[in-house]
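Input: a single structure, listed below in structure tokens.
The values are calculated or read from the model by the stated rules, or taken from the named source; none is laboratory data. Only a predicted model underlies this, so the values are computations on that prediction, with no experimental measurement involved. Cβ coordinates were reconstructed from backbone atoms using ideal geometry, including for glycine residues, and neighbour counts include every protein chain displayed.
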Amino acid sequence: MKYVVVVPARNEEENIERLLRSLAAQSLLPAELIVVDDGSTDQTARRVLAFAKRHPWIHLHRTKKQEPRAIGAKVVAAFQQGYDQIKAEHHFLVKLDADLELPPNYFERIAKHFSDNPRLGIAGGSILVQKNGRWVYENFSDKDHVKGAFKAYRKACYQAIGGLRLSIGWDTADELLARYHGWEVLVDTRLNVKHHRPLGTETGSLRTRFLIGRGMYRLRYGFWISLISAIKAGYLNRPYGLTGLAVLCGWLVALFQRDQPIVNKDEGQFIRQWRWNRMKEKLLRKKKKNTPHKAPQ
């Protein structure tokens with residue numbers, strides 16, 4: 001299967017070469033790679049151009065001057081500009097962050113998943129960060145959620161969901177909308193992607209959680225689902241308690257400022273029902289796990 005990659009990048013001179021090396025080492029190479037230089041003031045563009053001289057499938061695109069963008073929309077707007085430049089035929093489309101490092105068989109396995117399952121719409125690996133000298137899972141969302149840092153979309157699925165939403169929460173909306181349209185989502189936990197800049201490094205963890213809460217409102221989660229999610233975030237993530245408050249504050253600010261939802265009412269109803277079902281499944285699994293087994297008589 002053929003695929004194309006779009007990498008939004010801004011001031012990534014410390015990371016971009018590492019990513020490009022891991023892409024050039026893939027056992028299944030991209031048909032085309034477009035790096036979108038989103039107003040960098042460092043050597044990002046120069047390093048991409050140096051790589052492009054050795055690999056003709058790598059292209060650099062510089063963004064046009066834009067008006068101030070809505071919260072969470074910047075990376076999607078840069079990605080869209082790269083998407084508009086695609087010329088190669090492809091079966092699936094990939095959005096990558098510039099601060100990643102992929103195993104050499106990454107896209108060979110992703111392509112096989114798409115080939116084996118015609119209903120698979122979105123796929124990706126498992127994300128790792130370095131802590132105390134070890135690479136460990138970056139635990140900030142469900143393990144069956146394909147992280148926004150690396151998303152592979154079957155072309156037909158991407159078209160069905162209408163592309164990516166220009167808003168915080170876009171990387172949750174895409175999967176929920178894919179399911180709404182009957183597509184499946186897959187995380188291959190054997191494909192470990194190294195993330196060299198953990199979540200919240202630039203914006204701060206509480207700021208990130210605030211934006212997540214705002215995204216929940218825009219996804220029409222409703223108050224109770226958002227409250228449960230906030231309590232979970234506060235219980236599992238440091239600084240404990242404050243992360244949950246940040247999520248809830250984000251939802252409330254979006255409510256009072258009347259943020260525009262990024263899904264329609266029918267999609268929102270599906271999303272709420274899907275979230276409730278997931279919560280029930282998790283409770284049942286936990287209850288079953290904690291229930292002692294009776295010894296046979």
Pull out all pairs, ordered by first then second residue, where Cβ-Cβ is under 8 Å, the residues are six or more apart or on different chains, the first lies in segment 106-131 and is farther than 26 Å from residue 21 by Cβ, and the second is at pLDDT 95 or above and basic (Lys, Arg). 120/154; 121/154
How many residues does segment 108-143 contain that are among the aliphatic types (A, V, I, L, M) and in a helix (DSSP H, G or I)? 2
Taking residue 3 as meeting all but one of (1) more than 18 Å from the chain's Cα centre (by Cα); (2) touching a residue at least 24 places away in the same chain (Cβ under 8 Å), write down the number of the exception. (1)
When you check residue 171 against the structure, is it under 16 Å from residue 74 (Cβ atoms), touching a strand residue (DSSP E or B) at 6+ places or on another chain (Cβ under 8 Å), at pLDDT 90 or above and among the charged types (D, E, K, R), yes or no? yes
With a cut-off of at least 2 residues that are of a type in the set (Lys, Arg) and in the same structural domain as residue 276 (by TED's automatic domain parsing), name the helices (runs of 4 or more DSSP H) lying wholly within segment 173-258. 205-218
Restricting attention to segment 124-161, the residues that are modelled with pLDDT under 90 and of a type in the set (Ser, Thr, Tyr) number exactly 2
